[in-house]
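Notes follow once the structure below has been shown.
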Amino acid sequence: MATATKTVSEEEEEVTTVKVNGSAVNGVPPVFTSSRELKVVFVLGGPGSGKGTQCSKIVETFGFVHLSAGDLLRAEIKSGNENGNMIQNMIKEGKIVPAEVTVKLLQKAMEESENDKFLIDGFPRNEENRAIFESVTGIEPQFILFFDCPEQEMERRLLGRNQGRVDDNIETIRKRFKVFVESSIPVVDYYETSGKVNKIDATKSVDKVFDSIRPLFDCFNHVSSNGYEEELTEAIKQHNINGSAVAITN
Ligand SMILES: Nc1ncnc2c1ncn2[C@@H]1O[C@H](COP(=O)(O)OP(=O)(O)O)[C@@H](O)[C@H]1O
Ligand SMILES: O=c1ccn([C@@H]2O[C@H](COP(=O)(O)OP(=O)(O)O)[C@@H](O)[C@H]2O)c(=O)[nH]1
């Protein structure tokens, strides 16, 4: 008689062969257990550049799930998890939490969601984040949104944010800016080499910034006869022609 119980070898088989977006990295298959084709957009930019604000608008209009790495880490502190103290101290100092911790939280959130389109906000923050995310999930981002904003404006916004965050004080803000330039900009540079970065002028009003982002997401709502990939490639090309070609200013 057939039974629902899987043998150990069947379970091993499932974990190693049923995986997102496929490819093994350095011969080690991703350990992601979902079989959905997930679409991920990384949203990067300095602290206070407006990433979270725009992610909310993208969620409303284009049906993505917003995963803020910072929010997931702050929830972990609140949950009383054993890593909580370490995470709290890192955030207070503006340092980057070890990749294993953040990737695990992102992975869990994606696996628990029934959606297949994710905005990952504020991650990857350094090369270690990027490499570990890629090797664990096997996911390559569709593209990168990079919010370009001068430090003076980001500082003004952060000091006015009023969310009671332990890191929105001038001393920690300065440390976060330094970490951003030294560790996060190299990730943007990495993706620039594969033409995946879409630079956004984040100094404009919230609505104007959203207007410049919108065309990059339209293809997720209406797929032309050319197909989604072609439509996205064309949107990125147009975005760059329209004067936002990538030139990292920091
Ligand atoms: N385009 C904008 N112009 C002015 N203020 C903004 C703009 N976008 C966001 N803000 C404000 O700046 C602060 C930081 O924005 P937020 O979205 O939290 O940034 P991030 O997620 O990049 O840290 C918030 O108080 C937000 O309301
Ligand atoms: O992938 C991440 C995302 C966030 N953080 C920590 O969380 C803080 C706040 O990040 P968040 O993205 O919430 O805020 P932002 O600095 O972009 O305003 C950072 O300074 C880091 O200390 C981290 O270590 N890894």
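The values are calculated or read from the model by the stated rules, or taken from the named source; none is laboratory data. Here the structure is a predicted model, which is why all the values come from computation and not from measurement. Note: ideal-geometry Cβ built from the backbone for every residue, glycine included; neighbour counts use all protein chains shown. With ligands, DNA and RNA removed, areas are computed over all heavy atoms of the protein, side chains included. Shrake-Rupley method; radii C 1.70, N 1.55, O 1.52, S 1.80 Å.
Can you name every residue in the stretch 74-105 that is among the hydrophobic types (A, V, I, L, M, F, W, C), more than 24 Å from Leu38 (Cα to Cα) and open to solvent by 50 Å² or more (accessible area, probe 1.4 Å)?
Met86
All but one of (1) at pLDDT 95 or above; (2) open to solvent by 70 Å² or more (accessible area, probe 1.4 Å) hold for Pro186; which doesn't?
Only one criterion is unmet by Pro186, namely (2).
Just to verify a result, which residue in the stretch 53-73, among those that are surrounded by fewer than 18 Cβ atoms within 10 Å (Cβ to Cβ) and within 11 Å of ligand 2 (Cβ to nearest atom), is farthest from Leu216 (Cα to Cα)?
So the residue we want is Asp71.
Test Ile170 against the criterion of being aliphatic (A, V, I, L, M) and surrounded by 15 or more Cβ atoms within 10 Å (Cβ to Cβ), and give yes or no.
no
Would you pick out the residues in the stretch 106-127 that are among the aliphatic types (A, V, I, L, M) and either crowded, with 20+ Cβ neighbours inside 10 Å or part of a loop (DSSP other than H, G, I, E, B) (or both)?
Leu106, Met110, Leu119, Ile120
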